[in-house]
Amino acid sequence: MKVRLLPESAIGTAPRILWARGLRAFADGFVSVLLPVYLLDLGFSATGVGVIATATLLGSALLTLAVGLWAGGIARPALLLAVSLLMVATGVAFGTVEAFWPLAVIAFVGTINPSTGDVSVFLPIEQSILAESVAPSERTALFARYSLVGSLLGAFGTLLAVAPEWLQAAFGWTPRAALQTMFFLYAFIGVVAALIYRGVRPPPAQAPVRQGPLGPSRRTVYRLAALFSVDAFGGGFFVQSLLALWLFARFDMPVATAAQVFFAMNLLAAVSFLAAVPVARRFGLINTMVFTHLPSNLCLIAVPFVADAWLAIALLCVRSLLSQMDVPTRTSYVMAVVTPEERAAAASVTAVPRSLASSLSPSLAGWLLSLTSFGWPLLIGGTLKAAYDLVLLAEFRHVRPPEETPRPPAR
């Protein structure tokens, strides 16, 4: 997948963002699997795990909203550096604090991510910079690479979830000390990300474009944000930490096995990112978003009804192979249907409701898992996401980005 970047500093900027995205995804990979293990070790219930997950997503949403609405005068590279330092502080705090409510507060103000997807404040800042780094025809390919890097590194990160067991065996550490060490590793990765972000510079070709609030595209962005919220609310029922918790409860699955399952799922998601670009060029962004996402949600709806772990894993893997094609295409679509000046605001406005909506469902999912291991969170989440697919197709199938609009024949 070859992407033609715009001149000079874009050549340094886009790769730096991709590297930093990959590192953050690697950290999110092992943290999302180990978070419920750590919280259960501290004596918290499944409901408590859900509350912590809700706090992380809600805090990320509000911080993203603040950046999108009120930080327009601050240079975006400086914001990336500041949030990287917040990531460092979050890892150190999670590695030292053990009481429930202080951890909930840290989760709210910090950057811990209980899901495989990026829901942090990094996302809209990076997306707005990347959108300026390529020609419109190459935008989807660049966002596919952005998602691919995150998925691949996130997959390898999930494999590191077995590291606490190695530490216990090699050094005789207690389970809690081994788990806390992984949060210190998360903080160290934040330091490395900050060093990478120091070299990020917006492309000079786009320097005159001043990012501002939403203007002519406001109505379109708000409609998309509302629909994306339904999708995210459904997805919040089975963020990776809660999906791991369900696998532990339903099939008594060891942590090492769950890590391998999530590794496979993330690798398959990476394949879907690669496929998204040619499929979108052939069928269009909206069609790609809907007709790959809908079958994946039907697989998810079927998972709670199977009794065998291997069949549940197979359905989850098929879902992963299909479900992520909408990620780069969705981002590309939002960046395409707004003006360049509105891109940062549009990224925030569409990301914030997603994070807010996804922050509401983990607590409910945790409560449901404390009552039964049937898999109600997967059934509810899959149904909501399938409904989103159908409404998105009905509302936006005729709203095409400029590169898909047929040109009038030359006279």
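Only the coordinates and a few stated rules stand behind these numbers; no lab work does. All values derive from a computational prediction rather than experimental measurement. No Cβ is skipped: glycine too gets one built from the backbone with ideal geometry, and neighbour counts run over all protein chains shown.
Taking the Cβ-Cβ separation of residue 395 and residue 307 as r and a Förster radius of 45 Å, what is the calculated FRET efficiency to the nearest 0.05?
Values: r = 38 Å, r/R0 = 0.85.
With R0 = 45 Å, the Cβ-Cβ based efficiency is 0.70.
Which of 305, 262, 228 has the fewest other C-beta atoms within 10 Å, and how do the rest follow up to the most? It would help to have the intermediate numbers written out before the result.
On the way: 305 13, 262 27, 228 22.
Arranged by neighbour count, lowest to highest, 305, 262, 228 become 305, 228, 262.
Compute the distance in nm between two label points, each set 7 Å from the Cα along the Cα-to-Cβ direction, one at residue 222 and one at residue 137.
In this crude spin-label approximation the distance works out to 3.6 nm.
Calculate, for residue 201 and residue 403, the FRET efficiency according to 1/(1 + (r/R0)^6) with r their C-beta to C-beta distance and R0 30 Å; round to the nearest 0.05. If you can, show how the numbers build up before the last one.
Values: r = 26 Å, r/R0 = 0.87.
Given R0 = 30 Å and the Cβ-Cβ separation, E is 0.70.
What is the ratio of the Cα radius of gyration of the range 172-318 to 2.2 N^0.38 Å, where N is its residue count, to two decimals? Could the numbers behind the result be given before it?
Numbers: Rg = 20.7 Å, N = 147, 2.2 N^0.38 = 14.7 Å.
Dividing the Cα radius of gyration by 2.2 N^0.38 Å gives 1.41.
Using only Cα atoms, find the angle between the long axis of helix 76-96 and the longest principal axis of the chain, and express it within 0 to 90 degrees, rounded to the nearest 10.
Between helix and principal axis, roughly 10 degrees.
Using R₀ = 25 Å, calculate the FRET efficiency as 1/(1 + (r/R₀)^6) where r is the Cβ-Cβ separation of residue 370 and residue 314; round to 0.05. Write out the running numbers ahead of the final one.
On the way: r = 27 Å, r/R0 = 1.07.
Efficiency computed from Cβ-Cβ geometry: 0.40.
Determine by what factor the alpha-carbon radius of gyration of the chain differs from 2.2 N^0.38 Å, reporting the quotient.
Working: Rg = 20.3 Å, N = 411, 2.2 N^0.38 = 21.7 Å.
Computed over Cα atoms of the chain, the ratio equals 0.94.
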